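A.B. asks: What follows is a single structure, and I will ask about it in a moment.
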Protein chains: 2
Amino acid sequence: MGIKVKRIEKDIEVINSFTSTPGKGITRFTFSEEYMKAREYVIEELSRMGARISTSIGGNLRGRLEGREAHGPSVMTGSHIDSVFQGGRFDGVAGVVSALEVGRVISEERLGHRHPIDLVVFAEEEGSRFGSIMIGSRAWLGKLGEEDLRRMKDRNGISYLQAMESSGLKIDDPDVLKPGAVKAMIELHIEQSVVLENGGFQVGVVEGINGIKQFLVNLRGVANHAGATPMGLRHDALQGAARIISSVEDIAARELGRNTVATVGIVHCEPGQANVIPGKVEFTVDIRDLDPKRLEEAVKRISAEIEKTCNDRGLTAEVTPRSETPPVALSKDIVTLIEEAAASRKTKYLRMPSGALHDSSILPEVTEVGMIFVPSREGRSHCPEEFTELKDLAAGAEILLESVLKLAQ
Amino acid sequence: MGIKVKRIEKDIEVINSFTSTPGKGITRFTFSEEYMKAREYVIEELSRMGARISTSIGGNLRGRLEGREAHGPSVMTGSHIDSVFQGGRFDGVAGVVSALEVGRVISEERLGHRHPIDLVVFAEEEGSRFGSIMIGSRAWLGKLGEEDLRRMKDRNGISYLQAMESSGLKIDDPDVLKPGAVKAMIELHIEQSVVLENGGFQVGVVEGINGIKQFLVNLRGVANHAGATPMGLRHDALQGAARIISSVEDIAARELGRNTVATVGIVHCEPGQANVIPGKVEFTVDIRDLDPKRLEEAVKRISAEIEKTCNDRGLTAEVTPRSETPPVALSKDIVTLIEEAAASRKTKYLRMPSGALHDSSILPEVTEVGMIFVPSREGRSHCPEEFTELKDLAAGAEILLESVLKLAQ
């Protein structure tokens, strides 16, 4: 009875047998031959459990287990099966195979539910083929139209619409997903970091998805001879940058609290010669937090540090925004539901934010959303070393099953 | 009587009329058409003052004003006329035109001297054409042989020897410059930095040429998702690098004393994405000092900082030496001589090290060496903006004249 690890293991094996880079990780681009074969396997599993199959605008797959009420809003779970280039076996797949196993258990044990249960595979979550993330879910929500899907092209100039047609995919559910159509959505996903593993947690209960503020800092000093210019007469842009970069860590790690993260990932230094004092340094700052106020505060403090450093060192700075994504709060009710399910099983869990974006980041626009994280070994993700223990995945699936069933009552 | 600014001005004008990048600074590569025309002008000036012209191995030009003693060691002065790509009008040229003016004054005023006076132009000081600095002077000292000059090639595959031959240059002085051949050498050069200008000094008396230790630091941490990895679980190579880079300045500027300079001029960061924690950072460290012990101490302290940072942050470091040039002490007697000449004219002067290398860096192997610096406006050098006031150049030339004459008695 209940979740069967063996079946989850088989799903993972079969889906990951479809890769265009065998031996070098999983490469399964949306609407590719490998993608369609993996999708076909999911459809077979859905059909076997008696789900009604449909394909929505954007190419998302839905298998519906009807509830006692034919026309009520559904409870949705699922994730994606497209991958990055030479990625791992679990990102997206973990959520799809958990959804399949939840569906199989409900179906074979005839677990009654009032609301329909939708098991879904969103298309092009990673953006690896068409260069933009979450295309399938955004199209389903009506945020991307047919024109957009015609405009978005892969490296070979094939548009999203063309690729979808060539793959043989037919859209038989042309409706935009509107508020009211879905009662709740829960996605299970691998954590893609080391928080759960390091803390010995088996499950993460996601409270929200971090907002992001990203900007570019362009520091200018004076390039000069490294031998002939005494220390006191320098305006070294890199020395200024080193102070600001250090402060980015200090502000996030020591001043603002446990959830803020801030990263400098790109640094370019000009003229870039060992014997010339750098006259120009460009670097990015990426700040993420669940709390929009703390996000704002981090930007304020880093900006103050930039100003102070420039004043102290005779440098000038130009700060250019790169991108901004507001934080997304997930449903408090679903957080509680997932916590209760974990607690009743004595599964060690942690409330946490999601640092990465998922389809679940935009679904709050139309429904209540929750996410369950399972641990990633050494935090590795988007690489062949990506790994999650089957027992952790099964623990997550059990919590998913209980939560979905409660929501569907 | 004495140094005439107008003649120095004319020399500078004529020599700098020969550039392969007119309107975009001075480009006069060794043995190029422009170089040979400028060299021809110098030869004409030398001939006019009655100097005996010869070309040494390596292609260096020498004009000798005979002294009362035909065979004694000579007193040498001069510099170079080759330039970097789109460089300035004074680097090297300042020392050549001062030498010409010194020669003209001695010749026309029949200022008697016991030792011969050699007015020289060293070939390929900058290394802009053949990729290695001070080729002419090193060949003259026997540190580079014919084989080396055949091996060293420009971008078009033309060797140093071939280029010398094609330019029509004939070597009529095949002797290696041995100890005893030259009693003393004084080079006047632009400072290429801001020390003299900032302090209001008209002349710098160079005590020595800084030694250089240059090494490459390769820091490795763990690349990870910038959103999903909490601050406490990171091994961010760039954050480690920022601390070490800061310490490079602190150690040179605040711990070791006035003459040490240390620079990080190159930084590369991998994978170099705004949303990925840097897993690898490579940067150079360039340390210069006149005192070999302080140079050693700077390396020791920076190495300790690297080790501490790696321990604190779970990083590893690999340190690879890039180059090492020992400090060169110039002649104390000549320093005193130059100081006396400056003091007697009430010229405001400063004792200082040379941060950059010059032909004078290797001449101490065969003779007593001194250097006179003149100010560079805003410290600019190796660029079209390079500028030295004629009055400063003339002040330097007067001190050069007095020093050369005293040494030649």
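A.B. asks: Filter the range A:251-268 down to the residues that are modelled with pLDDT under 95 and open to solvent by 10 Å² or more (accessible area, probe 1.4 Å), then identify the one that is nearest to residue B:267 (Cα to Cα).
C.D. replies: A:266
A.B. asks: Hey, can you tell me all the residues within the range B:380-404 that are surrounded by 24 or more Cβ atoms within 10 Å (Cβ to Cβ) and either within 14 Å of another protein chain (Cβ to nearest Cβ) or part of a loop (DSSP other than H, G, I, E, B) (or both)?
C.D. replies: Within the range B:380-404, B:381, B:386, B:388 qualify.
A.B. asks: Return yes when residue A:336 is within 11 Å of chain B (Cβ to nearest Cβ) and open to solvent by 30 Å² or more (accessible area, probe 1.4 Å) and no when it is not. Quick ask: steps written out before the conclusion?
C.D. replies: Values: within 11 Å of chain B (Cβ to nearest Cβ): no; open to solvent by 30 Å² or more (accessible area, probe 1.4 Å): yes.
So residue A:336 does not fit the description; no.
A.B. asks: Considering (1) open to solvent by 10 Å² or more (accessible area, probe 1.4 Å); (2) touching a residue at least 40 places away in the same chain (Cβ under 8 Å); (3) in a strand (DSSP E or B); (4) facing chain B (nearest Cβ under 10 Å), say which one residue A:207 fails and leave the rest.
C.D. replies: The failed condition is (4).
A.B. asks: Something else about it: Quick one: would you say residue A:20 is open to solvent by 10 Å² or more (accessible area, probe 1.4 Å), under 15 Å from residue A:89 (Cα atoms) and polar (S, T, N, Q)?
C.D. replies: On the way: open to solvent by 10 Å² or more (accessible area, probe 1.4 Å): yes; under 15 Å from residue A:89 (Cα atoms): yes; polar (S, T, N, Q): yes.
Yes: the conditions hold for residue A:20.
A.B. asks: Looking at the range B:223-236, which of its residues are in contact with a helix residue (DSSP H, G or I) (Cβ under 8 Å, 6 or more places away or on another chain), facing another protein chain (nearest Cβ under 8 Å) and in contact (Cβ under 8 Å) with a residue 40 or more places away in the chain?
C.D. replies: B:224, B:225, B:229, B:236, listed by residue number.
A.B. asks: For the range A:121-157, what are the residues that are β-branched (Val, Ile, Thr) and either more than 21 Å from residue A:86 (Cα to Cα) or not in a loop (DSSP other than H, G, I, E, B) (or both)?
C.D. replies: So in the range A:121-157, the residues β-branched (Val, Ile, Thr) come out as A:121, A:133, A:135.
Across the range A:121-157, the qualifying residues are A:121, A:135.
A.B. asks: Of everything in the range A:82-95 that's under 13 Å from the mean Cα position of the chain (by Cα) and of a type outside the set (D, E, K, R), which residue is surrounded by the fewest Cβ atoms within 10 Å (Cβ to Cβ)?
C.D. replies: Kept after step one, since they are under 13 Å from the mean Cα position of the chain (by Cα), are these residues of the range A:82-95: A:82-84, A:90-95.
From the residues that got through so far, the ones that are of a type outside the set (D, E, K, R) too are A:83-84, A:90, A:92-95.
On the way: A:83: 31, A:84: 20, A:90: 25, A:92: 29, A:93: 29, A:94: 28, A:95: 34.
Filtering the range A:82-95 for residues that are under 13 Å from the mean Cα position of the chain (by Cα) and of a type outside the set (D, E, K, R), the one surrounded by the fewest Cβ atoms within 10 Å (Cβ to Cβ) comes out as A:84.
A.B. asks: Mind listing just one residue for me: the one in the range B:237-250 that is surrounded by 22 or more Cβ atoms within 10 Å (Cβ to Cβ) and more than 7 Å from every other protein chain (Cβ to nearest Cβ) and, of those, nearest to residue A:226 (Cα to Cα)?
C.D. replies: It comes out as B:248.
A.B. asks: Kindly indicate which of B:186, B:212 is buried (at least 20 other Cβ atoms within 10 Å of the Cβ), modelled with pLDDT under 95 and not in a loop (DSSP other than H, G, I, E, B).
C.D. replies: Of B:186, B:212, the one residue that is buried (at least 20 other Cβ atoms within 10 Å of the Cβ), modelled with pLDDT under 95 and not in a loop (DSSP other than H, G, I, E, B) is B:212.
A.B. asks: Do we have residue B:359 as surrounded by 18 or more Cβ atoms within 10 Å (Cβ to Cβ) and within 12 Å of chain A (Cβ to nearest Cβ) here? Step through it out loud before you land on a result.
C.D. replies: Values: surrounded by 18 or more Cβ atoms within 10 Å (Cβ to Cβ): yes; within 12 Å of chain A (Cβ to nearest Cβ): no.
No; evaluated as a whole, the condition is false for this residue.
A.B. asks: Every residue in the range B:259-268 that is within 7 Å of chain A (Cβ to nearest Cβ) and out of contact with any Cys (no Cβ under 9 Å at 6 or more places or on another chain), please.
C.D. replies: Start the filter on the range B:259-268 by keeping residues that are within 7 Å of chain A (Cβ to nearest Cβ), which leaves B:261, B:263-267.
Hits for the range B:259-268 are B:261, B:263.
A.B. asks: Another question, then. Would you pick out the residues in the range A:161-183 that are open to solvent by less than 40 Å² (accessible area, probe 1.4 Å), in contact (Cβ under 8 Å) with a residue 40 or more places away in the chain, in contact with a helix residue (DSSP H, G or I) (Cβ under 8 Å, 6 or more places away or on another chain) and farther than 17 Å from residue A:120 by Cβ?
C.D. replies: Residue satisfying the conditions is A:167 alone.
A.B. asks: Let me ask something else about it. Being more than 18 Å from residue B:48 (Cβ to Cβ) and at pLDDT 95 or above is the filter here; which residues of the range B:1-20 pass it?
C.D. replies: Of everything in the range B:1-20, those that are more than 18 Å from residue B:48 (Cβ to Cβ) and at pLDDT 95 or above turn out to be B:5, B:16, B:17, B:18, B:19, B:20.
A.B. asks: On to the next question. Kindly list, by first and then second residue, each pair from a residue in the range B:302-327 that is in contact (Cβ under 8 Å) with a residue 60 or more places away in the chain and among the small types (Gly, Ala, Ser) to a residue that is assigned to a helix (DSSP H, G or I) and open to solvent by 50 Å² or more (accessible area, probe 1.4 Å), limited to pairs with Cβ atoms under 8 Å and residues at least 6 apart or on different chains.
C.D. replies: Close Cβ pairs (under 8 Å, with a partner that is assigned to a helix (DSSP H, G or I) and open to solvent by 50 Å² or more (accessible area, probe 1.4 Å)) amount to B:317/B:307.
A.B. asks: To continue, here is another question. Considering only the range A:370-377, I want to know if a residue exists there that is closer than 30 Å to residue A:264 by Cβ and either surrounded by fewer than 24 Cβ atoms within 10 Å (Cβ to Cβ) or among the hydroxyl-bearing types (Ser, Thr, Tyr) (or both).
C.D. replies: Scanning the range A:370-377, I find at least one residue that is closer than 30 Å to residue A:264 by Cβ and either surrounded by fewer than 24 Cβ atoms within 10 Å (Cβ to Cβ) or among the hydroxyl-bearing types (Ser, Thr, Tyr) (or both), so the answer is yes.
A.B. asks: Kindly evaluate residue A:195 against the criterion of being of a type in the set (Val, Ile, Thr) and open to solvent by 50 Å² or more (accessible area, probe 1.4 Å). Even if it seems obvious, please write down each step before you answer.
C.D. replies: Working: of a type in the set (Val, Ile, Thr): yes; open to solvent by 50 Å² or more (accessible area, probe 1.4 Å): no.
For residue A:195, the condition - of a type in the set (Val, Ile, Thr) and open to solvent by 50 Å² or more (accessible area, probe 1.4 Å) - is not met.
A.B. asks: Tell me whether the range A:24-46 contains one or more residues that are surrounded by 20 or more Cβ atoms within 10 Å (Cβ to Cβ), closer than 22 Å to residue A:109 by Cα and touching a residue at least 60 places away in the same chain (Cβ under 8 Å).
C.D. replies: Taking every residue of the range A:24-46 in turn, at least one turns out to be surrounded by 20 or more Cβ atoms within 10 Å (Cβ to Cβ), closer than 22 Å to residue A:109 by Cα and touching a residue at least 60 places away in the same chain (Cβ under 8 Å).
A.B. asks: Just for the range B:338-371: of the residues that are touching a Lys or Arg at 6+ places or on another chain (Cβ under 9 Å) and not in a helix (DSSP H, G or I), which one is farthest from residue B:58 (Cα to Cα)?
C.D. replies: This residue is B:353.
A.B. asks: Further question on the same structure: Just to be sure I understand, how many residues within the range A:355-409 are of a type in the set (Asp, Glu) and either at pLDDT below 95 or within 18 Å of the chain's Cα centre (by Cα) (or both)? Don't jump to the end; show me each part of the working.
C.D. replies: Filtering the range A:355-409 down to residues of a type in the set (Asp, Glu) leaves A:359, A:365, A:368, A:378, A:385-386, A:389, A:392, A:398, A:402.
Imposing the further condition that a residue be either at pLDDT below 95 or within 18 Å of the chain's Cα centre (by Cα) (or both) reduces the set to A:359, A:365, A:368, A:378, A:385-386.
Residues flagged as of a type in the set (Asp, Glu) and either at pLDDT below 95 or within 18 Å of the chain's Cα centre (by Cα) (or both) within the range A:355-409 amount to 6.
A.B. asks: Could you list all residues from the range B:272-325 that are within 11 Å of chain A (Cβ to nearest Cβ), open to solvent by 70 Å² or more (accessible area, probe 1.4 Å) and out of contact with any strand residue (DSSP E or B) (no Cβ under 6 Å at 6 or more places or on another chain)?
C.D. replies: B:273
A.B. asks: Would you confirm whether or not the range A:102-113 contains a residue that is surrounded by 24 or more Cβ atoms within 10 Å (Cβ to Cβ), of a type outside the set (Phe, Trp, Tyr) and touching a strand residue (DSSP E or B) at 6+ places or on another chain (Cβ under 8 Å)?
C.D. replies: There is at least one residue in the range A:102-113 that is surrounded by 24 or more Cβ atoms within 10 Å (Cβ to Cβ), of a type outside the set (Phe, Trp, Tyr) and touching a strand residue (DSSP E or B) at 6+ places or on another chain (Cβ under 8 Å).
The values are calculated or read from the model by the stated rules, or taken from the named source; none is laboratory data. Since this is a predicted model, take the numbers as computed values, not measurements. All Cβ positions, glycine included, derive from the backbone under ideal geometry; neighbour counts span all protein chains shown. The protein model used for the area step is the full one, side chains on, heavy atoms only, and it has no ligands, DNA or RNA in it. Shrake-Rupley method; radii C 1.70, N 1.55, O 1.52, S 1.80 Å.
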